[in-house]
Amino acid sequence: MKQPETDGKVFLTPSQIASRWGLHQESVRRKIRRREIGSVVMGRRRLVRLVEVEQLEREGAVPRLLANRNPKPPAPSNGAADH
């Protein structure tokens, strides 16, 4: 799904944020209602700027429920057995 864009700013829907963070949509909407996440209304849709989402992620304000979602691959082996 393409993200809405206005004046060069990219926005995410609560559904997209929920998917990104591994949360239920209603959990994201609740955070928006509590003003834990800044949002704007465009028409009938409530959207969150991507920069807001990224800032929350950098600050660690997002639960790390999917910390192992994309685990790092194991280090390459040189073929030598460790003894």
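No value in this document is a laboratory result; all are computed from the given coordinates. Since the structure is predicted, the reported quantities are computational estimates derived from the model, not experimental observations. Here the Cβ is made from the backbone with ideal geometry for all residues, glycine too, and neighbour counts use every protein chain on show.
The packing ranking, built from the mean of other Cβ atoms within 10 Å per residue, places the peptides 29-35, 44-50 in the order 44-50, 29-35, highest first. Scaled against the 2.2 N^0.38 Å expected of a compact globular protein of N residues, the Cα radius of gyration of segment 5-59 reads 1.04. Using only side-chain charges placed at the Cβ, +1 for Lys and Arg and -1 for Asp and Glu, the dipole size of segment 5-59 relative to its Cα centre rounds to 360 debye. Quick one: net charge of LYS31's neighbours, Cβ under 12 Å, K/R +1, D/E -1? The answer is +3.
Taking other C-beta atoms within 10 Å as the exposure proxy, GLU26, GLU52 rank GLU26, GLU52 from fewest upward. Projected label points at SER27 and ARG44, each 7 Å from Cα along the beta carbon direction, are separated by 2.8 nanometres.
Which Cα, out of SER27, VAL10, VAL48, lies furthest along the positive dipole direction of segment 5-59 (beta carbon charges, K/R +1, D/E -1)? Farthest towards the positive pole: SER27.
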